[in-house]
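Visitor: Dropping the structure in here first, questions after.
The values are calculated or read from the model by the stated rules, or taken from the named source; none is laboratory data. Predicted model only: the values in this text are computed from it and were never measured. All Cβ positions, glycine included, derive from the backbone under ideal geometry; neighbour counts span all protein chains shown. Calculation scope for accessible area: heavy atoms of the full protein, side chains included, ligands and nucleic acids excluded. Shrake-Rupley method; radii C 1.70, N 1.55, O 1.52, S 1.80 Å.
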Amino acid sequence: MADDSEMQEKIKTLNDWIQGSDNIVFFGGAGVSTESGIPDFRSQDGLYHQQYDYPPETILSHTFYVRHKEEFFRFYRAKMLCLDAEPNMAHKKLAQWEKEGRLKAIVTQNIDGLHQKAGSKNVLELHGSVLRNYCEKCGKSYSAEYMRDSKGIPKCTCGGDIKPDVVLYEESLDSQTLDEALRAIQQADVLIIGGTSLVVYPAAGLVDYYRGHKLVLINKDASAMDRRADLVIQGKIGEVFGALD
Ligand code: APR
């Protein structure tokens with residue numbers, strides 16, 4: 001973290017912007033959930049730096065899912081299903097600001113459902129959610145617990161394979177969710193970006209639609225957007241939000 005007085009100054013500015021706004025949008029990534037014990041992807045200890053038979057980006061692709069479904073679900077159950085994780089201070093403050101009428105929407109790349117678990121209502125999940133699972137044959141829905149407790153390829157009562165409602169590489173994002181996210185960001189007074197490396201499109205491209213002058217970046221590492229931000233706070237987002245009203 002920067003030296004204390006500079007950090008305190010930045011925290012005060014962020015606090016003033018939040019207390020003075022009724023139209024905040026939050027755009028987040030895997031870094032929002034690391035303080036809940038869920039590893040991110042590209043940090044040093046992230047998923048993409050751990051050793052597997054195939055690179056995780058390959059495993060989490062549509063082609064791999066179709067061709068190696070057993071292997072896909074082995075990785076998915078081991079690494080993508082963290083159902084006992086609890087919301088951290090970052091999730092809790094965002095839910096509080098929504099209740100206070102300050103925060104209008106959360107746009108997240110995460111699929112862990114922790115924002116909803118913290119009480120947030122308007123959560124736009126660009127990459128879907130592990131909490132939603134559907135039979136590829138008849139469309140019947142199943143819980144994340146069912147997927148966790150199943151063996152091999154999860155099967156529907158009709159015999160079809162059950163697929164998680166998460167956007168894999170090569171798959172397209174839900175156009176309505178994307179459109180709602182774009183409009184929320186376009187109209188936002190304050191845009192807070194947190195815990196994302198901003199390297200995966202089209203999600204990362206949404207940030208370009210922000211037209212205000214209160215673009216906040218809170219990240220452990222430097223990101224591609226730092227030079228465009230009006231306020232950059234380098235640190236752990238749960239800690240930073242914990243210091244706010
Ligand atoms: N506080 C703040 N920032 C953090 C924290 C934390 N506690 N922990 C990690 N970070 C930062 C890291 O420094 C990193 O820059 O969060 C960022 C996480 O980046 P990624 O691991 O690339 O995750 P994300 O940006 O969400 O990835 C986007 O890639 O593989 C796809 O679909 C997957 O949704 C994911 C997408």
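Visitor: What are the aspartates and glutamates whose alpha-carbon lies under 13 Å from the alpha-carbon of residue 12, with same-chain residues fewer than 8 places away excluded?
Guide: Here the aspartates and glutamates satisfying the reach criterion relative to residue 12 are 4, 245.
Visitor: Follow-up question, since we're still on this one. In degrees, nearest 10, range 0 to 90: what is the angle between the Cα axis of helix 4-19 and the longest Cα principal axis of the chain?
Guide: 80 degrees
Visitor: Another question, then. What do you get for the angle between helix 175-187 and the principal long axis of the chain? Use alpha-carbon atoms, 0 to 90 degrees, nearest ten.
Guide: 0 degrees
Visitor: Leaving out ligands, DNA and RNA, and with a 1.4 Å probe, what % of the accessible surface on region 177-245 is carbon or sulfur?
Guide: On region 177-245, the fraction of accessible area on carbon and sulfur atoms equals 47 percent.
Visitor: Tell me, what is the 1.4 Å probe accessible area of residue 174, in Å² to the nearest 10?
Guide: Taking all protein chains as shown, residue 174 has close to 80 Å².
Visitor: Taking the Cα centre of region 56-196 as origin, work out the dipole magnitude from +1 charges on Lys and Arg Cβ and -1 charges on Asp and Glu Cβ, in debye rounded to 20.
Guide: 340 debye
Visitor: Same structure again: Run the numbers on region 1-135 and let me know its relative contact order in percent, using alpha-carbon pairs under 8 Å that are six or more apart.
Guide: 26 percent
Visitor: So, one more: Rounded to the nearest 500, what is the chain's calculated 222 nm mean residue ellipticity when only DSSP H runs of at least 4 contribute -39500 (n - 2.57) each, over all residues?
Guide: Per the formula, -8000 deg cm²/dmol.
Visitor: Moving on to the next point. Quote the relative contact order of the chain in percent (integer), defining contacts as alpha-carbon pairs under 8 Å separated by 6+ residues.
Guide: In percent, rounded to a whole number, it is 24.
Visitor: Using amide H atoms built 1.01 Å from N in the peptide plane, name the residues 5+ places from residue 169, or on other chains, whose amide H lies under 5 Å from its own.
Guide: Excluding prolines and chain starts, which carry no amide H, the hits are 61, 62.
Visitor: At q = 0.09, 0.12, 0.15 Å⁻¹, what log₁₀ I(q)/I(0) does region 1-152 have when each alpha carbon counts as one equal point scatterer in the Debye sum?
Guide: The calculated log intensity ratios at q = 0.09, 0.12, 0.15 Å⁻¹ are -0.37, -0.63, -0.90.
Visitor: State the Cα centre-to-centre distance between region 10-28 and region 153-177 in whole Å.
Guide: Here the two parts' Cα centres lie 36 Å apart.
Visitor: Once you order the gyration tensor axes a ≥ b ≥ c over the Cα atoms, which shape class does region 31-119 get: rounded for a/c under 1.5, otherwise prolate or oblate by comparing a/b with b/c?
Guide: It comes out prolate by the Cα gyration axes.
Visitor: Dipole size in debye (nearest 20) for the chain around its Cα centre, Lys and Arg Cβ +1, Asp and Glu Cβ -1?
Guide: The dipole of the chain has a size of about 620 debye.
Visitor: From the phi angles alone, apply the Karplus equation (6.51, -1.76, 1.60; θ = phi - 60°) to region 212-225 and give each ³J(HN,Hα) in whole Hz, x where the residue is Gly or Pro.
Guide: Residue by residue, region 212-225 yields x, 10, 9, 8, 10, 10, 10, 8, 5, 10, 5, 9, 4, 9 Hz.
Visitor: Compute a Gaussian network model of the chain, connecting alpha carbons closer than 10 Å, and tell me which residue from 128, 205, 113 fluctuates the most.
Guide: Comparing 128, 205, 113 in the GNM, the peak value goes to 205.
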